[in-house]
Amino acid sequence: MADSEPTASSSAPRLRVSARAVLGFAAYLLLAPLVLLLAGGEAAWLAAWAYIMLAVVAVIGSRLIALKVSPEMLAERSRAGEVQGVPAWDRLLVFIVALAGPLATVLVAGLDHRFRWPPHFTLATQVAGSVVLALAYAFSSWAMVSNRFFSAVVRIQAERGHQVVRSGPYAIVRHPAYAGGILAMLVTPLMLDATWSIVPAACVAAAMAVRTALEDWTLQEHLPGYREYCTSVRFRLIPGVW
């Protein structure tokens with residue numbers, strides 16, 4: 001969850017991540033690239049390698065920055081599957097938006113490339129898609145490193161002094177990580193020249209939007225100060241729109 005800041009009494013940062021969590025993260029990081037390349041059937045697929053490099057740099061880079069500024073947040077994220085009090089709807093949506101949906105998107109993108117399904121995007125569109133994808137990753141990463149309570153699941157972290165954050169990207173929209181994630185999903189088909197992967201990508205984006213709405217409701221109901229924050233930052237995902 002991405003809407004809080006620590007109190008002055010927060011304890012010294014400590015990072016305790018199990019070997020199982022590290023191995024799980026490594027497997028998660030490598031799974032989508034493997035599916036993309038195997039489905040694509042071409043080791044020399046330059047757009048796919050560019051996409052993989054962008055994704056890996058964004059994921060590892062954001063974690064390295066977070067390790068320096070907020071190691072306890074990484075520990076919190078590593079325990080996402082073990083913590084109590086996570087709504088059932090969030091467990092389902094996490095599975096869709098973090099695993100099943102992205103894998104379906106790269107699978108269809110790979111098959112689209114292998115069988116050359118029309119229509120196709122121009123090279124200029126692919127380049128533009130890669131630039132927007134990099135910006136989307138950067139925006140989501142900014143949200144992560146700006147928030148010491150950036151959990152992988154929706155829950156109020158009362159034991160860690162959960163408070164509303166208003167700085168960084170949270171001064172622009174209330175859910176910047178989702179904004180970046182939705183944009184990244186929608187431009188991935190453009191970068192990979194995989195028109196038909198728009199279908200699963202759009203489904204993932206829709207699931208992210210639903211999760212944003214449900215998380216926003218949860219925060220308004222249970223996080224002190226969040227309702228007041230909503231009056232100053234009115235938009236969840238798109239400034240001036242929604």
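Observations
- A Gaussian network model of the chain, with springs between Cα atoms under 10 Å, assigns the largest mean-square fluctuation among VAL22, VAL106, VAL164 to VAL22.
- Taking ALA58, ALA80, ALA26 in turn, the Gaussian network model of the chain (Cα-Cα springs below 10 Å) assigns the largest fluctuation to ALA26.
- By the Stokes-Einstein formula, at 0.692 mPa s and 37 °C, the chain with its Kirkwood radius over alpha-carbon pairs has D equal to 176 µm²/s.
- Signed unit charges on C-beta, dipole axis of the stretch 196-238, positive-most listed residue ILE238, SER197, THR212: SER197
- Debye intensity ratio I(q)/I(0), log10, the stretch 37-87, q values 0.15, 0.31 Å⁻¹ (C-alpha model): -0.64, -1.10
- Farthest towards the positive end of the charge dipole of the chain, among the residues THR122, LEU135, LEU111, is the Cα of LEU135, using unit charges on the Cβ of Lys, Arg, Asp and Glu.
- Gaussian network model of the chain, springs between alpha carbon atoms under 10 Å - residue of GLN220, GLN84, GLN157 with greatest fluctuation: GLN84
- Packing rank of 207-215, 60-68, 174-182, where each peptide gets the mean count of other beta carbons within 10 Å, highest leading: 174-182, 207-215, 60-68
Since every read-out is calculated from the coordinates, none of them should be taken as a lab result. Just so we're clear, the structure is a prediction, and the values are computed from it rather than from any experiment. Cβ coordinates were reconstructed from backbone atoms using ideal geometry, including for glycine residues, and neighbour counts include every protein chain displayed.
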